[in-house]
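What follows draws every value from the coordinates through simple rules; no lab data is involved. Small disclaimer: the values here were computed from a predicted structure and weren't measured. Positions of Cβ are backbone-derived with ideal geometry, glycine not excepted, and every protein chain shown enters the neighbour counts.
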Amino acid sequence: MNEETTRELPDKSSFEERVFARFDSIDARFNTVDARFDAIDARFETVDARLEKLEARAYDTKPIWQKALAAIMQTGLEVGEIKAKVAVIETKVAVIETKVAVIETKVGVIETEVAGMKIDYEGIRNELTEMRRDLKYKVKKSIDLILQFLVEGRTDLSDAEDRIKQLETKLA
């Protein structure tokens, strides 16, 4: 063992007094802890009372909540049905959009062909107008020739009649 003597503590009270003082401080601490536990226990009793009250209300409102839950479940089923119907409609819309695109393409081809036909029609119309003018000109020219031939023939006929008359007068 160590040969040193025990030092004197600054507190001059006896060992027993110090131990009892320690016990008293521990006892005071336990009293504070007990008071806290009592306060917590009182709070738990209040919470328990509130829970009992809420549970009583829950039993009162349980049928209401069960009906609400059933209505929510029914609504969920109806929404599921609506989603299924919407999916079918979306599929049909996609098919219709595809068909419309095909129709638009065909209409575009038809419009192009009609535009070509209009151009051809204008060309044919211009050719017919030109042929008509040419025909009018040729018919007019032919009629003029015929009239000229008739006039000349009539003149020749008049001359021939005059000669025949002259000859007849000479013979008579």
Next item on the list: Calculate, in nm to one decimal, what residue 64 and residue 14 gain on full extension: separation in residues at 0.36 nm each, minus their alpha carbon distance.
Entry: 10.6 nm
Next item on the list: Report the calculated FRET efficiency for residue 75 and residue 50 (r = Cβ-Cβ distance, R0 = 30 Å), to the nearest 0.05.
Entry: 0.40
Check: Under a straight-distance cross-link criterion of Cα-Cα below 26 Å, which lysines are reachable from residue 85, leaving out those fewer than 8 residues away in the same chain?
Finding: 99
Check: When only alpha-carbon atoms count, how far does the chain stretch along each of its three principal axes, as whole angstroms with the largest first?
Finding: 207, 62, 25
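Any chance you could run the full-extension gain for residue 40 through residue 131? It's 0.36 nm times the residue separation minus the Cα-Cα distance, nm to one decimal.
On the way: separation 91, 0.36 × 91 = 32.76 nm, distance 11.85 nm.
This chain segment gains 20.9 nm when fully extended.
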Next item on the list: Would you kindly state how much longer the chain becomes between residue 142 and residue 115 on full extension, computed as 0.36 nm times their sequence separation minus their alpha carbon distance, in nm to one decimal?
Entry: 5.7 nm
